[in-house]
Amino acid sequence: MDQLIRDTYVEINLDNIAYNMKSIKNMVGDGVAIAAVLKADAYGHGALEVAKVVMENGADYIAVATLSEALEIRRRFKDYKILIMGHTPNRLLEHVVANNITQTIFSLEQARLLSQIGLKYGKTPVVHIKYDTGFNRLGFKDKEESIEEIARIAQIKNIYIEGIFSHLALTGDKENEIQYNTLISAIERLRKRGIRFKYMHIEDSIAAVDYPQYRLNMIRPGAIIYGIKGFHYGKLDLKQALTFKSRISHIKKISKGEGVSYDYLWKAERNSIIGTLPVGYADGYPRSLSNKGFVTIHGKKAPIVGLICMDQLMVDLTDIPEAEVGDEVIVYSNGENNTMDLNTMAKLAGTNKNEIISRISRRIPKVYIRNGEVVKIINYIK
Ligand SMILES: *Cc1c(COP(=O)(O)O)cnc(C)c1O
């Protein structure tokens, strides 16, 4: 841990990520491919380290949101299959082709462009067609002209349509079924025109666990890879990989009536011991947990007092008098041993678990654990 250049960091258990991947693989069986979603720096876990672990443990594809995320992984791993699930503007498609990245498309125009770029590079660009079954985000709108347009794409030389996919809004059982059936109907109509797809997919983490009947032959799990449970009906054994840690930077005694932090939104109702932690909202810790959240020190809960600052926050240590400067703080974890769990935290912050972890800032070093030992540390600067 000598290389760690900050007291605030996230600990990432790579064995847990491997465990979760095996769990997912075991759940879906051999007939369903897994596109492991590593967007947003693998939900704050570090895309490059996670990429290796998921590929070693059953992932068939890596899925990201943006070209920059795809390129980061491609530079390190020359032969991993990478899908960009989002839109790439025309002017950047050249990078997609040059780097053998699979692109999501939903227009004839981009298919033609990719084909031309492919000819220039002597490559056949690979695409997945995005079909909008009601989410109304990206994709071909569900109508006959779209089927016509996809059929025209299939006739373009020098482009390989490897997949077709959609995304569930997860509004309810009924809405999910309608969306799924809409995709199936599109696939059927295309099949009648002789167009077949190697991969068909519509499920994210929650859907893959709760609706096994809609898995088709590929799923796109994100959250569950990291051990984040959002599903309701199904069951899947997972282990959370991430724990957010820090150390006490300062301790002081204050008198009853004194205020803490901006605007004195918290005032001591008794003589108190206040600890300062080098954790702020710029680190991705939600400011909305001011006066609401807690951290764990010596296995005890220490409430956050006053407004959370950009780089620091204060906690009440009055009931943990043994706490000293430098002591370890569990800012959040999986809820065991009196720690704050992501579910509770997300509810308190008025958001979801994915937002909390995906916003962990680059300023937070990552400490990777395998077999109980630190195997790698990534700092803000190299
Ligand atoms: C983010 C994303 C996923 C993964 O979502 P989880 O809920 O984390 O499993 C799957 N598909 C698409 C299109 C996404 O954008």
Quiz item: What about Gly172, is it away from the ligand (no atom under 14 Å from the Cβ) and under 25 Å from Gly86 (Cα atoms)?
Solution: yes
Exercise. Provide a single number: the residues in segment 140-169 that are open to solvent by less than 40 Å² (accessible area, probe 1.4 Å) and assigned to a helix (DSSP H, G or I).
Key: 5
Practice problem: Starting from residues that are of a type in the set (D, E, K, R) and within 10 Å of the ligand (Cβ to nearest atom), keep the ones in segment 182-236 and report whichever is farthest from Ala40 (Cα to Cα). | Solution: Glu203
Exercise. Residues being aromatic (Phe, Trp, Tyr), more than 22 Å from Ile364 (Cα to Cα) and surrounded by 15 or more Cβ atoms within 10 Å (Cβ to Cβ): count how many of those fall in segment 237-270.
Key: 1
Practice problem: Taking the options Thr339, Thr318, name whichever one is in the same structural domain as Ile248 (by TED's automatic domain parsing), farther than 24 Å from Ile225 by Cα and open to solvent by less than 80 Å² (accessible area, probe 1.4 Å). | Solution: Thr318
Exercise. Just give me the residues in segment 224-253 being touching a strand residue (DSSP E or B) at 6+ places or on another chain (Cβ under 8 Å) and not in a strand (DSSP E or B), in sequence order.
Key: Ile225, Tyr226, Gly227, Lys239, Gln240, Ala241, Ile248, Ser249
Quiz prompt | The lone exception for Lys39 - which of (1) over 18 Å from Lys376 (Cβ atoms); (2) more than 16 Å from the ligand (Cβ to nearest atom); (3) charged (D, E, K, R) it fails | solution = (2)
Practice problem: Evaluate the following for Ile195: is it over 30 Å from Gly230 (Cβ atoms), open to solvent by less than 50 Å² (accessible area, probe 1.4 Å) and in a loop (DSSP other than H, G, I, E, B)? | Solution: yes
Quiz item: in the same structural domain as Asp316 (by TED's automatic domain parsing) and over 24 Å from Ala47 (Cα atoms), is that true of Asn271?
Solution: yes
Exercise. Evaluate segment 217-229: report whether one residue or more is open to solvent by 50 Å² or more (accessible area, probe 1.4 Å) and either closer than 20 Å to Ala111 by Cα or not β-branched (Val, Ile, Thr) (or both).
Key: yes
Quiz item: Which one of these does Asn354 not meet: (1) assigned to a strand (DSSP E or B); (2) farther than 19 Å from Pro278 by Cβ?
Solution: (1)
Quiz item: Out of segment 316-349, which residues are under 11 Å from Ile274 (Cα atoms) and within 29 Å of the chain's Cα centre (by Cα)?
Solution: none
Self-check item: Subset of segment 350-374 that is surrounded by fewer than 19 Cβ atoms within 10 Å (Cβ to Cβ) and over 17 Å from the mean Cα position of the chain (by Cα) - its residue that is nearest to Ala302 (Cα to Cα)
Solution: Gly350
Practice problem: Could you look through segment 1-50, keep only residues that are among the small types (Gly, Ala, Ser) and within 22 Å of Lys235 (Cα to Cα), and pick out the one that is most open to solvent (accessible area, probe 1.4 Å)? | Solution: Gly31
Quiz item: Can you name the residue in segment 321-336 that is closer than 25 Å to Ala241 by Cβ and aliphatic (A, V, I, L, M) and, of all such residues, is most open to solvent (accessible area, probe 1.4 Å)?
Solution: Ile330
Practice problem: Looking for whichever is open to solvent by less than 20 Å² (accessible area, probe 1.4 Å) and assigned by TED's automatic domain parsing to the domain that holds Glu269 here; the options are Gly299, Gly293. Which one fits? | Solution: Gly293
Self-check item: Sole residue being at negative phi, outside the structural domain of Asp283 (by TED's automatic domain parsing) and under 19 Å from the mean Cα position of the chain (by Cα), chosen from Ala59, Ala40
Solution: Ala59
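The values are calculated or read from the model by the stated rules, or taken from the named source; none is laboratory data. Note that the structure is a prediction, hence the values are computed from the model and not measured. Don't worry about glycine lacking a Cβ; one is built from the backbone with ideal geometry, like all the others, and counts go over all protein chains shown. Side chains are part of the model used for accessible areas, which takes the heavy atoms of the whole protein and leaves out ligands, DNA and RNA. Shrake-Rupley method; radii C 1.70, N 1.55, O 1.52, S 1.80 Å.
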